[in-house]
There are 2 protein chains.
Amino acid sequence: MKVVLIGSGNVATHLGGALKTAGHDILQVWSRDADHASALAGILSAASTDNVCDLSDAGDIYILSVADDAIADMASKFPFQDKLLVHTSGTTELDAIKSGSAQTGVFYPLQTFSKQKAVDFRNIPIVVEGSSEAISSLLLSIASDISDKAEIVNSERRKVLHLAAVFACNFSNHLYAIADKILAEQQLNFDLIRPLIAETAAKAQIYPPSQVQTGPAARKDFGTMERHLLYLESKQEWHKIYQVLSESIVNNM
Amino acid sequence: MKVVLIGSGNVATHLGGALKTAGHDILQVWSRDADHASALAGILSAASTDNVCDLSDAGDIYILSVADDAIADMASKFPFQDKLLVHTSGTTELDAIKSGSAQTGVFYPLQTFSKQKAVDFRNIPIVVEGSSEAISSLLLSIASDISDKAEIVNSERRKVLHLAAVFACNFSNHLYAIADKILAEQQLNFDLIRPLIAETAAKAQIYPPSQVQTGPAARKDFGTMERHLLYLESKQEWHKIYQVLSESIVNNM
């Protein structure tokens, strides 16, 4: 397939790389920032542009991978009525891009990407949806080229999937960041709890997480919880997070 | 060393196993539940008892590994004034066991243990503290027998370490559990986000977590956050958690 990437962020970068490795042809990269477009285009041996009017009309699929709140606007500027236009957002409905083309789809990889770190796409679930059954099948086939875990999931359920991912991934990472700051204040190294973070995630690969919950709240050890809250008294934000999460754990034990 | 385990929970089980593997001799296991005591004693080729008065006086070190709020009480019942008594709690001061013996210490492995899952102790940081410098050194040497990451850390800083671990590990696991439930309500499989959980923890092994924060709150994508909160409206507890953590992420970007 001839692929045009509209966007040059983390998702576009990793997805473009995986599609190229799987034998697809990346024709062109668009970014509103010409330097970003040409940087990614260089890696993928593609052309680049910062002007939507210059998008190549030779693409078989146009992958719109921009910030969620820019998707609808970019789709409305898409210059081809009959070209397959897909977005990569977990939380945006398929209909959000229907102003762009009659043929639309969603191609959502369930992974957190950062530019710095390579990822193995084969283990990344990709959920797809098409504006027709034929498009759904085509997207499923492209997704299967790069992932062993491709699945058709409609817009409503995909949004729930994304919400669950926010809890499990974005929120957990923020808790790691808070732990890092708590340690730094006492000149303790984050390395001390890195194995704990790895083990907690490793357990979740095997067990239902609610069955392996540990810690003061799980033990209803109110003495320890009170001492922790006392220590956090001057840090309103962390105090609140500790309280809300501990209460929720206690309620579920 | 001749080791007596006072307690038969997850920490006692894994610590006892690691010490035995390292060549130490587990003499005896105490538990208030005679069956639990003899079950663990069986694994460790040790004697067992459910009576503190029957604790062997032949031990070199007595490892008190019970629920945090039972530590002081158990220590007060410890029958030997001159035997080395250590607890394994991240959050309990060394002084909490001084009624038990003149020779006390802390031996705190920074890991989350569940009975079902084997762990590699060599990568688990163990922080130790003794009531004298000689005891600190002895405990550091025992900890080094089973771990490559043994360190002397005093009570005050150890409590902060434990607090950070609660954020990074216990709270993260609870977020995984919530994600699991959110998915289950829509008949979506938790397997879909397991790779995401693994990748998030893997990134934290390499990068400072605040530098790799992603998601709607990190992007200040208030439209997505509002839609998520709307979806969670009937789930007060999850709604609150989403709100508090998103606010905290937004404040830190």
Which of B:Q111, B:Q236, B:Q28 fluctuates most in a GNM of chain B (C-alpha springs under 10 Å)? That residue is B:Q236
Nearby aspartates and glutamates by direct alpha-carbon distance to A:K220 (threshold 12 angstrom, same-chain neighbours under 8 apart not counted)
A:E247, B:D68, B:D69
Ratio of Rg to Rh for segment A:1-43, alpha carbon only, Kirkwood?
0.93
Residue-averaged beta-carbon neighbours from other chains (10 angstrom radius) around A:59-72
1
Would you mind checking the tilt of helix B:222-231 against the longest principal axis of the Cα atoms of chain B, expressed as 0 to 90 degrees and rounded to 10?
70
Under a straight-distance cross-link criterion of Cα-Cα below 17 Å, which lysines are reachable from A:K77, leaving out those fewer than 8 residues away in the same chain?
A:K98
Assume the label is 7 Å from Cα along Cα to beta carbon: what separations in nm does B:I43 have to the matching positions in the other copies?
4.5
On each of the three principal axes of the Cα atoms of segment A:1-131, give max minus min coordinate, whole Å, ordered largest first.
34, 28, 26
I'd like the accessible area for B:S155: 1.4 Å probe, protein heavy atoms, all chains in place, Å² to the nearest 10.
20
Net charge over other residues, Cβ less than 13 angstrom from the Cβ of A:I71 (K, R count +1; D, E count -1):
-3
Can you give the alpha-carbon Rg of segment A:74-126 over 2.2 N^0.38 Å, where N counts its residues?
1.35
With R₀ set to 60 angstrom, the calculated FRET efficiency between the beta-carbons of A:S99 and B:D145, to the nearest 0.05, is 0.35
Counting only other chains, and only Cβ atoms inside 10 Å, what mean value do you get across the residues of B:113-124?
3
So, in nm, how far is label B:S45 from label A:Q205 when the simple model puts each one 7 Å beyond its Cα toward the Cβ?
3.3
Given a 1.4 Å probe and the protein chains all in place, what does the accessible area of B:D33 round to, in Å² to the nearest 10?
50
Can you give the Rg/Rh ratio of segment A:135-217, where Rg is from the C-alpha atoms and Rh is the Kirkwood radius?
1.12
Given 37 °C, 0.692 mPa s and a Kirkwood radius over Cα pairs, the Stokes-Einstein diffusion coefficient of chain A in µm²/s is 160
Please work out the Cα convex hull volume for the protein assembly as shown and give it in Å³ per residue.
147
If labels are modelled 7 Å from Cα along the Cβ direction, A:Y207 lies from its partners in the other copies at nm distances, smallest first, of 3.0
So what does A:W238 come to for accessible area, using a 1.4 Å probe and Å² rounded to 10?
30
5 Å is the cut-off here: which amide hydrogens, built 1.01 Å from N in the peptide plane, fall below it relative to A:I152, excluding neighbours closer than 5 in sequence?
A:V128
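Suppose R0 equals 22 Å. What FRET efficiency, 1/(1 + (r/R0)^6) with r the Cβ-Cβ distance, do A:D54 and A:Q81 give to the nearest 0.05? Before the final figure, lay out the partial values.
Working: r = 17 Å, r/R0 = 0.79.
According to the calculation, E is roughly 0.80.
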Using a simple spin-label model with points 7 Å from Cα along the Cα→Cβ vector, what separation in nm is obtained for B:Q186 and A:N154?
1.2
Along Cα→Cβ, 7 Å out, is where each label goes; now give me the distance between the ones at B:K115 and A:Q236 in nm to one decimal.
4.5
Given all pairs of distinct Cα atoms, segment B:156-204 yields a Kirkwood Rh in Å of 12.2
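The values are calculated or read from the model by the stated rules, or taken from the named source; none is laboratory data. Bear in mind that the values here come from a model prediction, so they are computed numbers and not experimental data. Neighbour counts run over all protein chains shown; Cβ positions are idealised from the backbone, glycine included. Calculation scope for accessible area: heavy atoms of the full protein, side chains included, ligands and nucleic acids excluded. Shrake-Rupley method; radii C 1.70, N 1.55, O 1.52, S 1.80 Å.
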